[in-house]
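The values are calculated or read from the model by the stated rules, or taken from the named source; none is laboratory data. Just so it is clear, the structure is predicted and the values come from calculations on it, not from any experiment. Cβ atoms come from the backbone with ideal geometry, glycine included; neighbour counts cover every protein chain shown. Areas reflect the complete protein model, heavy atoms only, side chains present, ligands, DNA and RNA absent. Shrake-Rupley method; radii C 1.70, N 1.55, O 1.52, S 1.80 Å.
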Amino acid sequence: MADLIKYLKFAVENEASDILIVAGGPVCAKIDGHMCAADDERVLPPQAEDLIHQIYEIAKRPMDLFLQTRDDDFSFSVPGLARFRVNTFRQRGSMAAVIRIVSFEYFYKLILV
């Protein structure tokens with residue numbers, strides 16, 4: 001089972017703007033405008049579904065809307081790490097997600113300026 005928190009930490013530590021979870025390739029982070037694989041593991045549809053379920057569990061959000069409409073937008077935060085905006089969707093019949101990282105540091109800079 002892939003660990004979503006591992007990917008979130010990888011993205012935050014590498015100052016990524018986004019994380020992409022799409023079946024068929026590795027989980028990728030967009031770093032300085034380039035897509036970088038978070039690891040060598042290729043995500044198959046069952047792993048993508050597991051990662052999407054983990055997102056909803058962390059967000060404490062029911063999956064009902066996503067399962068009915070095949071698309072959902074929401075946000076969640078991981079204390080001490082960052083806030084994340086999420087779009088879950090279906091692509092070629094598999095669950096997929098794009099996660100935007102909203103760094104806590106960014107908010108602190110806005111407040112202090």
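Looking at the chain, the accessible area is 60 square angstrom per residue; that uses a 1.4 Å probe and ignores ligands, DNA and RNA. Within 10 Å, at most 12 other Cβ atoms, and a DSSP state outside H, G, I, E, B define an exposed site. Report the longest part of the chain free of exposed GluC sites (Glu not before Pro). That would be 42-113. So, counting K/R as plus one and D/E as minus one, what does the shell of residues with Cβ under 14 Å around residue 92 add up to? Once positives and negatives cancel, what remains is +1. Between the range 4-28 and the range 65-106, the C-alpha centres lie 12 angstrom from each other.
Share of carbon and sulfur in the accessible area of the chain stands at 53%, probe radius 1.4 Å. Qualifying trypsin sites (Lys or Arg not before Pro) in the range 30-93, where qualification requires a DSSP coil assignment and no more than 16 other C-beta atoms within 10 Å, comprise 42, 60, 70, 92. Here the dipole of the range 1-108 is about 260 debye; that uses its Cα centre as origin and unit charges on the Cβ of Lys and Arg (positive) and Asp and Glu (negative).
Given [x] 1.00; [y] 0.92; [z] 0.97, which label gives Rg/Rh (Cα atoms, Kirkwood Rh) as computed from the coordinates? Identified label for the calculated read-out: [z]. Cross-link partners for residue 6 among the aspartates and glutamates, with Cα-Cα distance under 19 Å and sequence neighbours closer than 8 places in the same chain left out: 15, 18, 39, 40, 41, 49, 50, 57.
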